[in-house]
Amino acid sequence: MKYGIFSDVHGNLPALEKVLSKLKSLGAEKFACGGDIVGYGAEPEKCIEIVKSLDCVTVAGNHDWAVVNLINPDLFNIYARSAVFWTQEKLNADDLDYLKNLPLRANLNLFEVSHGTVNAPENFDYIQSLEDAQLSFDEMETNLCFLGHSHVPISFFEIDNSVSYSLETKIVIDSNIKTLINVGSVGQPRDENHLASCAIYDTDKKEVHIHRVEYDIDKAAKAIIDAKLPKILAFRLYEGK
Ligand code: ZN
């Protein structure tokens, strides 16, 4: 079985469409989403519709929660906050309800999904150090968890109580090694690579591969500018940061 894992779509429809067609072309039959379907991008309602149609496990991101007032948008920078208010106006009651009811963590037995840390997902903290990763490892119920939030693909491993990390795009899954994999962002990559990021988990081969996908940035950027969202949200897509 191959799972397509993606996160941080952020209302970027052209990126989401390309990522899903890439994942399907690689054999993905089931999907999991690490949250932040909305925020920043100009087509949140279509992105929600597509994610819903995948009938996949999806966890809540901080932007999803901010849009439904489960966290205070004042915690965000001015551009993110203005996108939160814009998105609130754009979505209908059903979509807002959908975001409000997303769980913070999901356990599919084969693996788990969380947006930020596993130990305190409601705080939406980033895993910025090996110590942060250790706190998440301590709370994991399985040996593998997929994350989003930082928009930077990176993996952490716990072997014999020692934590390490890797930026490799092929990750071997070993039941004796706890593994956290940040799959990067579909709609707003921030590792200075403008290509949309996603992953395939092949449960038979026990391998995860991070893939980067070209998409029509001009189209996503134009939609942001036409929607009168902050222009910086369009320009940053070209730079991948
Ligand atoms: Zn995000």
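The values are calculated or read from the model by the stated rules, or taken from the named source; none is laboratory data. If you're wondering where the values come from, they're calculated on a predicted model, not measured in any experiment. All Cβ positions, glycine included, derive from the backbone under ideal geometry; neighbour counts span all protein chains shown. Protein only, heavy atoms only, side chains kept; ligands, DNA and RNA dropped before computing areas. Shrake-Rupley method; radii C 1.70, N 1.55, O 1.52, S 1.80 Å.
Here is how the numbers come out for the structure above:
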item: Tally, over the range 112-130, of residues that are touching a strand residue (DSSP E or B) at 6+ places or on another chain (Cβ under 8 Å) and more than 15 Å from the ligand (Cβ to nearest atom); result: 3
item: Residue check, A223 touching a helix residue (DSSP H, G or I) at 6+ places or on another chain (Cβ under 7 Å), more than 28 Å from L104 (Cβ to Cβ) and open to solvent by less than 40 Å² (accessible area, probe 1.4 Å); result: no
item: Hits in the range 44-61 - residues which are within 16 Å of the ligand (Cβ to nearest atom) and farther than 20 Å from I200 by Cβ; result: P44, C47, I48, A60, G61
item: Selection count where residues are away from the ligand (no atom under 16 Å from the Cβ) and of a type in the set (G, A, S), scope the range 7-31; result: 4
item: Output for the range 100-130, where each listed residue is open to solvent by 50 Å² or more (accessible area, probe 1.4 Å), part of a helix (DSSP H, G or I) and touching a residue at least 24 places away in the same chain (Cβ under 8 Å); result: K100, L130
item: Criterion (open to solvent by less than 20 Å² (accessible area, probe 1.4 Å) and either aromatic (F, W, Y) or away from the ligand (no atom under 16 Å from the Cβ) (or both)) met by exactly one of F146, F157, F76; result: F146
item: Only listed residue being within 16 Å of the ligand (Cβ to nearest atom) and small (G, A, S), chosen from G41, G4; result: G41
item: Residue pairs meeting the criteria (Cβ under 7 Å; at least 6 apart or on separate chains; first touching a residue at least 40 places away in the same chain (Cβ under 8 Å), in the range 150-166; second open to solvent by 30 Å² or more (accessible area, probe 1.4 Å) and of a type in the set (K, R)); result: H151/R190
item: One residue from D95, D64, D36 being more than 14 Å from the ligand (Cβ to nearest atom), in contact (Cβ under 8 Å) with a residue 24 or more places away in the chain and crowded, with 16+ Cβ neighbours inside 10 Å; result: D95
item: The one condition in (1) on the phi > 0 side of the Ramachandran plot; (2) more than 16 Å from the ligand (Cβ to nearest atom) that D138 fails to fulfil; result: (1)
item: Residues that are within 15 Å of K18 (Cβ to Cβ) and in contact (Cβ under 8 Å) with a residue 12 or more places away in the chain, drawn from the range 200-220; result: I200, H211, R212, V213, E214, Y215, D216, I217, K219, A220
item: Subset of the range 87-146 [of a type in the set (A, V, I, L, M, F, W, C) and touching a helix residue (DSSP H, G or I) at 6+ places or on another chain (Cβ under 9 Å)]; result: L91, L96, L99, L102, L104, V118, A120, F124, I127, C145
